[in-house]
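Visitor: Quick one: the structure is below, and I'll ask about it shortly.
The values are calculated or read from the model by the stated rules, or taken from the named source; none is laboratory data. Given the structure is predicted, the values throughout are model-derived calculations rather than measurements. Positions of Cβ are generated from backbone atoms using ideal geometry, with glycine treated the same way; all protein chains shown enter the neighbour counts.
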Amino acid sequence: SYAFVYASPDSFMEILPSRDLNTIRSYFYGFSLKQRQAVTHVVMDMNASYATLVPELFPNAQIVIDRFHIVQLMTRAINTIRTG
């Protein structure tokens, strides 16, 4: 599944049945271009597929990699070096 949270004072969370690009694309194309252009930031993991989809769906948004995934990647790299 694919979950996202809209960050606003009355935030909500949506869970889509799949995280494949067509499902995500179809869902967000349900919003008007004006609404999608109003998105300023998209926080995500380091999935390269999502990174290519963001400019298509949200032309004015900056991509921000979430802290959890950065720390996770660094921890794995350090452990690989340490135990390698």
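Visitor: For the range 55-77: of the residues being in a helix (DSSP H, G or I) and modelled with pLDDT of 95 or more, which is nearest to Ile15 (Cα to Cα)? Steps first, answer last, please.
Guide: First, pick out the residues of the range 55-77 that are in a helix (DSSP H, G or I): 55-57, 67-77.
Among the residues that remain, those that are also modelled with pLDDT of 95 or more are: 55-57.
Details: Pro55: 21, Glu56: 21, Leu57: 18 Å.
The qualifying residue nearest to Ile15 (Cα to Cα) is Leu57.
Visitor: Here is a follow-up. Filter the range 1-42 for residues that are assigned to a helix (DSSP H, G or I) and loosely packed, with under 10 Cβ neighbours inside 10 Å; which is modelled with the lowest pLDDT?
Guide: Asn22
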